Amino acid sequence: MSQGPSRTSLIEQYHSWGRPTDTFLVGAEFERHLLRANGQPVPYCGEGGVGWLLADLAKDGGWTSAFEGEHRIALYRDGASVTLEPGSQFELSTAPYATVAEVAAEAQAFNADIDRRIAGTDIHQVALGYTPFAAMDEIPWVPKGRYAIMRTYLAQTGTLAHDMMKGTCATQASFDFADEADAAAKVRLAILLGPLTTAMFANSPIRQGVDSGYASFRGHVWTQTDPRRTGFPEAAASFSFARWVDYLLDVPMMFRKRRGAWEPAHGMTFRAWLDDPTDPPTQDDWDLHLTSVFPEVRIKRTIEIRGADCVPLPLGMAFVALFKGLLYTPQALDRATELALRLSAHGDREARFAVACREGLRGVVGGRPFAAWAADLLEIATATFAADDADFLAPLIAQVATGESPAHGLLRAWSSDPTPERLIALTRP
């Protein structure tokens, strides 16, 4: 029987995940709402539900299916996956690639494939950070065992936890690191830029059919979910592998999987579980625990940047290209960190994040709108990035030049005809 993990082995594992710089890859995750023409989310079950769409993909798309009981809950193919969030939000995780162009090609092909399959149905892909019309109690839960436990646990930790689970969609990207020092520099920049990232890609202004008062209601939702596993933990702000492992060891666990069955963990920490002589955890248990911690920047085998709302794909690819260039171009990393430190000198991070969520690029920090800080960041990008990354920035440069987040233009365009049909037309991915 192989020995289970220890604090020392978990720290050593992070050291082992470093890669030579010439082998760095990039991957991305694109979540999407699937809505009916009346604006209601498509449920998992029933005729024409999300379960049907997964089955249709599995039938001739070359995907391998994963089941929980009788329910197909995920698909896998060549390093990519399709998974479901608790309210049936649909997520493509691309395979890791050497270039942004390859990520874009996979995402574009997947979007086109989904559009082909839902043509003639009452299903529509929608690129928004938050479901725009449904109340949370109107959205059925995806039939996954972990979600049943999470819904109970998180209901006690945050007033908007179920909104996070069933209502939000994000754009995320993952990046490699060479060693601990390289990881620390990249995580530091990503954390410092967190509020600005949210402001640039704020795209969730509508809640239950009205203006929510937030450019990124999704971002605000995360502040009301569970402060112990979300936000900007100090272990990320002053990063080392040991600090990060200690943080993860002490985050209360929501669930475990024992002998194939999901069970509540009742808030036990992984650190306490390591000391259990009767039923000690395995590496698989640790890997599962990592999926239940949701900070704005998450470090697993890669560094995950998680602060952007779901946006249409051209802007989503600008997000991927921006962080690939910032994290993989040494000059850009240094100059962007200097800029981010100047930005972070104004107020505390939580206050800046609150401004970003409510006002987006219009929000003012240090006497300057976020849009001006974003323009400075993009100036660094265009001056230092390789052409194949810089070329993807055009939609973001155009957005920042307006002085507004995507949410603001969306609200204006929708207000003249505030119907679900109009919003669906405006938010195609």
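The values are calculated or read from the model by the stated rules, or taken from the named source; none is laboratory data. For clarity, every value in this text was computed on a predicted model and none was experimentally measured. So basically every Cβ, Gly included, is an ideal-geometry build from the backbone, and we count neighbours across all protein chains shown.
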The stretch 188-304: helices (runs of 4 or more DSSP H) wholly inside it with 2 or more residues that are more than 29 Å from LEU322 (Cα to Cα) and either among the small types (Gly, Ala, Ser) or out of contact with any Lys or Arg (no Cβ under 7 Å at 6 or more places or on another chain) (or both) are 270-274, 283-290
Residues of the stretch 198-210 being surrounded by fewer than 24 Cβ atoms within 10 Å (Cβ to Cβ), in contact (Cβ under 8 Å) with a residue 12 or more places away in the chain and out of contact with any helix residue (DSSP H, G or I) (no Cβ under 6 Å at 6 or more places or on another chain), in sequence order, are GLN208, GLY209
Only unsatisfied item for GLY61, checking (1) closer than 27 Å to PHE270 by Cα; (2) surrounded by fewer than 17 Cβ atoms within 10 Å (Cβ to Cβ), is (1)
In the set ALA134, ALA80, ALA109, the lone residue that is under 20 Å from the mean Cα position of the chain (by Cα) and more than 18 Å from GLY48 (Cα to Cα) is ALA80
Scanning the stretch 125-140 for residues that are touching a residue at least 60 places away in the same chain (Cβ under 8 Å) and out of contact with any Ser or Thr (no Cβ under 6 Å at 6 or more places or on another chain) gives GLN125, THR131, PRO132, PHE133, ALA134, ALA135, GLU138, ILE139, PRO140
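Results for (1) out of contact with any Phe, Trp or Tyr (no Cβ under 6 Å at 6 or more places or on another chain); (2) surrounded by 18 or more Cβ atoms within 10 Å (Cβ to Cβ); (3) within 29 Å of PHE217 (Cα to Cα), shown as yes or no for each residue.
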{"residue": "SER65", "(1), (2), (3)": "yes, no, no"}
{"residue": "GLU68", "(1), (2), (3)": "yes, no, no"}
{"residue": "HIS71", "(1), (2), (3)": "yes, no, no"}
{"residue": "GLU85", "(1), (2), (3)": "yes, yes, yes"}
{"residue": "SER88", "(1), (2), (3)": "no, yes, yes"}
{"residue": "ASN111", "(1), (2), (3)": "yes, yes, yes"}
{"residue": "ASP115", "(1), (2), (3)": "yes, no, yes"}
{"residue": "ALA119", "(1), (2), (3)": "yes, no, no"}
{"residue": "LEU128", "(1), (2), (3)": "yes, yes, yes"}
Kindly evaluate GLY62 against the criterion of being modelled with pLDDT under 95 and more than 27 Å from ILE149 (Cα to Cα).
yes
Residue count, the stretch 360-397, condition in contact with a Phe, Trp or Tyr (Cβ under 8 Å, 6 or more places away or on another chain) and either modelled with pLDDT under 95 or hydrophobic (A, V, I, L, M, F, W, C) (or both), comes to 5
Selection from the stretch 147-178 of residues surrounded by fewer than 21 Cβ atoms within 10 Å (Cβ to Cβ), part of a loop (DSSP other than H, G, I, E, B) and of a type outside the set (S, T, N, Q) yields ALA155, GLY158, LEU160, ALA178
Among the residues of the stretch 102-112, the number that are within 24 Å of LYS59 (Cα to Cα) and either without any contact (Cβ under 8 Å) to a residue 12 or more places away in the chain or of a type in the set (Lys, Arg) (or both) is 3
If you go through ASP122, ASP115, ASP60, the only one that is touching a residue at least 24 places away in the same chain (Cβ under 8 Å) and out of contact with any Gly (no Cβ under 6 Å at 6 or more places or on another chain) is ASP122
Discussion item. Being buried (at least 16 other Cβ atoms within 10 Å of the Cβ) and either acidic (Asp, Glu) or touching a strand residue (DSSP E or B) at 6+ places or on another chain (Cβ under 7 Å) (or both) is the requirement here; does VAL297 meet it?
Written reply: yes
Does ASP56 meet the test of being under 27 Å from GLY316 (Cα atoms), touching a helix residue (DSSP H, G or I) at 6+ places or on another chain (Cβ under 6 Å), of a type in the set (D, E, K, R) and surrounded by fewer than 17 Cβ atoms within 10 Å (Cβ to Cβ)? yes
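Residues checked against (1) of a type outside the set (Phe, Trp, Tyr); (2) touching a Phe, Trp or Tyr at 6+ places or on another chain (Cβ under 8 Å):
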site	(1), (2)
ARG271	yes, no
ASP284	yes, no
SER292	yes, yes
CYS310	yes, yes
GLY316	yes, yes
PHE319	no, yes
LEU333	yes, no
ARG342	yes, no
Within the stretch 13-50, residues being touching a Ser or Thr at 6+ places or on another chain (Cβ under 9 Å) and either under 19 Å from PHE241 (Cα atoms) or assigned to a strand (DSSP E or B) (or both) number 11
Within the stretch 35-59, the count of residues that are in contact with a Pro (Cβ under 9 Å, 6 or more places away or on another chain) and aliphatic (A, V, I, L, M) comes to 3
Quiz item: Condition test on ARG32, is it among the basic types (Lys, Arg) and either under 26 Å from THR121 (Cβ atoms) or under 24 Å from the mean Cα position of the chain (by Cα) (or both)?
Solution: yes
- Item | Hey, ARG422 buried (at least 16 other Cβ atoms within 10 Å of the Cβ) and basic (Lys, Arg) or not | no
Of the residues in the stretch 261-294, those that are charged (D, E, K, R), within 22 Å of THR83 (Cβ to Cβ) and either surrounded by 14 or more Cβ atoms within 10 Å (Cβ to Cβ) or without any contact (Cβ under 8 Å) to a residue 60 or more places away in the chain (or both) number 3
Exercise. Do the conditions hold for LEU396, that is, is it of a type outside the set (Asp, Glu) and under 15 Å from HIS33 (Cβ atoms)?
Worked result: no
